[in-house]
Each structure stands twice: as C-alpha cells, then as structure tokens.
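Presented below is the structure to which this report refers.
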C-alpha cells in the first residue's frame, strides 16, 4: 500500500506489529517458514488452532474460569 496507507484509521482486527509476546513469536516463526508476514487470515487460523488446543485442556468445559486458566496450565 505504501504511502497511500499513511494516516488511515481502521478497525481492522489484526496488527502484525502488535508487541504482545505471543504475536511477536507467531510473526517471527511465520516469517521464517514463509518469508513474509502473516495476514489476518493466517492470524485467525492460528487463533482457531490455539483455541482448540486450550479447549482440549479444559476437558471440553467452557466456563470462563477454565478457559482463562487453560493457557497457563
């Protein structure tokens, strides 16, 4: 997009520049594997995979307490 994108304000749901540790790791690994930054579609796929893994940790229980604790277990 180049300079045409400067100053745009958006409600886009994914920013590959997010400094969240999980995102930094995801972007780094994705770039190493594919030679480019991930798009929002790849981010959504990673979220779905992570959510599935965390749901397995809860034994299928979907209470907020169990789901919040799952990534820490």
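The values are calculated or read from the model by the stated rules, or taken from the named source; none is laboratory data. Keep in mind the model is a prediction, meaning the values are calculated, not measured. Please note: Cβ atoms are built from the backbone with ideal geometry, for glycine as well, and neighbour counts cover all protein chains shown.
Values as computed for the structure displayed
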| read-out | value |
| --- | --- |
| Residue match in segment 30-40 (condition: surrounded by 13 or more Cβ atoms within 10 Å (Cβ to Cβ), at pLDDT below 85, touching a helix residue (DSSP H, G or I) at 6+ places or on another chain (Cβ under 9 Å) and not in a helix (DSSP H, G or I)) | no |
| Qualifying positions in segment 52-63 - assigned to a helix (DSSP H, G or I) and either surrounded by 13 or more Cβ atoms within 10 Å (Cβ to Cβ) or modelled with pLDDT of 85 or more (or both) | 54, 55, 56, 57 |
| Count of residues meeting criterion [under 9 Å from the mean Cα position of the chain (by Cα) and farther than 25 Å from residue 72 by Cβ] in segment 17-41 | 1 |
| The lone exception for residue 11 - which of (1) in a helix (DSSP H, G or I); (2) more than 26 Å from residue 72 (Cα to Cα) it fails | (1) |
